[in-house]
Amino acid sequence: MTRHVVVLGAGTAGTMLVNKLRRRLDDTWKITVVDRDDAHPYQPGFLFVPFGGPTDDLVRSRHAFVHDGVELVLEAVDRVDVAAQEVLLLDGRLLPYDYLVIASGVTLRPDQTPGMLGPEWRRSIFDFYTLDGAKALATALRGFRRGRLVVHVTDVPIKCPVAPLEFTFLADDWLRRRGLRSHTELVFVTPMDGAFTKPVASERLGSMLSDRDVVVEADFLVERIEGRSLVSYDGREVPFDLLVTVPLHMGAEFVTRSGLGDELGFVPVDKHTLQSTADPRIFAVGDASDIPTSKAGSVAHFSVDVLVDNLVELAAGRPMTHSFDGHANCFVESGDRKALLLDFNYETEPLPGTFPVPYVGPMSLLKESRANHLGKLAFQWVYWNVLLPGRPIPLAPAMSMVGKQNPVSTS
Amino acid sequence: MPVTTLEGHEVHVDAEGFLTDLSEWDDELATVLAAQIGLTLTDEHRAVLTFLRDDFAQRGETATLRRASAGSGVSVKDLFRLFPQKPAKKMAYVAGLPKPVGCV
Ligand SMILES: Cc1cc2nc3c(=O)[nH]c(=O)nc-3n(C[C@H](O)[C@H](O)[C@H](O)COP(=O)(O)OP(=O)(O)OC[C@H]3O[C@@H](n4cnc5c(N)ncnc54)[C@H](O)[C@@H]3O)c2cc1C
């Protein structure tokens, strides 16, 4: 009897998952992965595009990365029928499943902020979380001479939560090199009470903003955009000449339609097993779930390893024994060809120290260095050639304390 | 965990003053906590607090602002009016719940 694992979304998490799973399950298991299109983007590369970074190798065909023994279906998901254990595609096809994994990432929703998609969209309002947006912003920046450049986060959670900070550091560097920095007011607007939520990192990143004369407008939750001003729920206004915003992040709409999402459309799961709290046959991995750690490719990678082990156990009729610890690992570009590295999990916040990165060498944690910047650039190669194909990478999923300096009792 | 006394109520709190023992909370203590941050509780506040407490009991996590708004039916704008400046944090404080984990 053939049994069926269906994965919704062939992005970072879905692709790694099906490739790893194919090697571990025998052929009584059929594996199908669904995506609505055949363009797989390397999203971390979007960050550099506004500053003239390369766009040629940022998108590849999904087919190239999906193992031959896995069926790739290119069609949008309409809905999951939980009771019937099947997925309905937009063209009417039905995919029955024994286990379902939702890996549909986040959907950017500029439509959720009144005024964002008005006449100023892509004239003075841009995003860099999409390739189109990043390219349009590159053109706008080339024509920028002076004024208020405002970098803005609509609400949390967002994927790669450090990316807006990185953008700000890179913008500062780029403006300096062009002699425009003294004519530019650089403002960072966030709904959080500081640069980052984890205290040690927030302090470090916050002082990096003030070192660069970036004005921080914290606790700012945008209600609407009026002309060229952000207006918050408590009536504050932040005017801009050029706005670089990170629109509201929500889960895919089919998640909500299927009754599987929270108020933002993310899938509530057990944070250690990624099993849906609504149905034991359903899991969510990558940005689509509601686990309390960063929405990042590194988290997708570490959690996929745990999920594969658990699915293999379930397939063999055994209980799941593997547990995900929330491990995240993020490079933070800081300008001047340097970067920092953050490493943390559910329990431990980012700490200073060193971190061994396979293929690239030891990196310094929470401190700017050239090696970290090169590490970030090298990651694109690792992504296409090692991560997506699901090749083993000598990095354990669980976070390690080796090389880290434990915080002196909060001084 | 440090113990502190608020107008005759002995409570366990964390470094930032958030209650650490949920069972120590009651409506009277809510009034005391609210006063600590300059708020006078009304029925509008209490409706939000009730949702937060119930939601926490079910999910083990303090609701975000968006969730609190969706669940209590009070608009985000009104939450800012009721708990000015830092509504998510202030609501949790008065409801005797852990500080919401700002998403990472
Ligand atoms: C600017 C930027 C910089 C970043 N930098 C970093 C970084 O430095 N380090 C890091 O670790 N992470 C970084 N990230 C985050 C990282 O790219 C994501 O966390 C990661 O790609 C998440 O993988 P995923 O599989 O969950 O989602 P995705 O890779 O986004 O895949 C989701 C897939 O689901 C599909 N899908 C959605 N809805 C449907 C539907 N209805 N029907 C069919 N298919 C559907 C989509 O087409 C998509 O292919 C960055 C992201 C951005 C935007």
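Assuming a ≥ b ≥ c are the square roots of the Cα gyration tensor eigenvalues, decide whether the range A:110-248 counts as rounded (a/c under 1.5), prolate (otherwise, with a/b larger than b/c) or oblate.
The shape class here is rounded.
Approximating the spin labels as points 7 Å out from Cα along Cα→Cβ, the B:Asp27-to-A:Asp234 distance works out to 2.8 nm. Of B:Glu61, B:Glu24, B:Glu16, the residue with the greatest mean-square motion in the GNM of chain B, using alpha carbon springs below 10 Å, is B:Glu16. Comparing A:Phe48, A:Phe302, A:Phe144 in a Gaussian network model of chain A (Cα springs below 10 Å), the most mobile by mean-square fluctuation is A:Phe144.
What residues have an amide H closer than 5 Å to that of A:Glu226, excluding those fewer than 5 places away on the same chain, when H is modeled at 1.01 Å from N in the peptide plane? For A:Glu226, whose amide H was placed from the backbone, the distant partners under 5 Å are A:Val231.
Restricting the calculation to Cα atoms, chain A yields a radius of gyration followed by a Dmax of 21.3, 70 Å. A helix-only calculation puts chain B at -14500 deg cm²/dmol for mean residue ellipticity at 222 nm, using -39500 (n - 2.57) for each DSSP H run of at least four residues, averaged over all residues.
Estimated from helical segments only, the mean residue ellipticity of chain A at 222 nm is -7000 deg cm²/dmol, where each DSSP H run of four or more residues counts as -39500 (n - 2.57). Going by neighbour counts of Cβ atoms within 10 Å, the residues A:Arg145, A:Arg281 line up, fewest first, as A:Arg145, A:Arg281.
A Förster distance of 30 Å, applied to the separation of the beta-carbon atoms of A:Asn385 and A:Ala84, puts the FRET efficiency at 0.15. Taken as entire DSSP H runs, the helices of chain A that both span 15 Å or more between Cα atoms along their own long axis and average 0.5 or more on the Kyte-Doolittle scale are A:297-315.
The separation of the range B:15-54 from the range A:111-148, counted between C-alpha centres, amounts to 42 Å. Full extension of the chain between A:Asp68 and A:Thr277 gives 72.0 nm of extra length, using 0.36 nm per residue less the Cα-Cα distance.
Amide H contacts for A:Val216 (H built 1.01 Å from N in the peptide plane; partners 5 or more residues away or on another chain; cut-off under 5 Å): A:Phe188. With only Cα atoms counted, the range B:3-95 has Rg and Dmax values of 12.5, 35 Å.
Once R0 is set to 45 Å, what does the formula 1/(1 + (r/R0)^6) return for the Cβ-Cβ distance between A:Ile393 and B:Asp78, expressed as a FRET efficiency to the nearest 0.05?
Values: r = 49 Å, r/R0 = 1.08.
Between A:Ile393 and B:Asp78 the formula returns 0.40.
Packing around the peptides B:2-11, A:134-143, A:256-265, taken as the average count of other Cβ atoms within 10 Å per residue, puts them in this order, highest first: A:256-265, A:134-143, B:2-11. Straight-line cross-link partners of A:Lys367 among the lysines, defined as a Cα under 26 Å from its Cα and at least 8 positions apart when in the same chain: A:Lys159, A:Lys198, A:Lys295, A:Lys338, A:Lys376, A:Lys404. Using the Karplus relation 6.51 cos²θ - 1.76 cosθ + 1.60 with θ = phi - 60°, the per-residue 3J(HN,Hα) values for the range B:86-100 come to 10, x, 4, 5, 5, 4, 5, 4, 5, 7, x, 10, x, 4, x Hz, with x marking Gly and Pro. The range B:62-104 and the range A:1-74 have Cα centres spaced 37 Å apart.
Between A:Leu94 and A:Met401, full extension at 0.36 nm per residue minus the direct alpha carbon distance yields a gain of 105.9 nm.
A full extension of the chain between B:Ala57 and B:Ala15 corresponds to an added length of 12.8 nm, given 0.36 nm per residue minus the alpha carbon distance.
Only the coordinates and a few stated rules stand behind these numbers; no lab work does. All of these numbers come straight from a predicted model, not from anything done at the bench. Quick reminder, even Gly has a Cβ in these numbers, built from the backbone with ideal geometry, and neighbours come from all protein chains shown.
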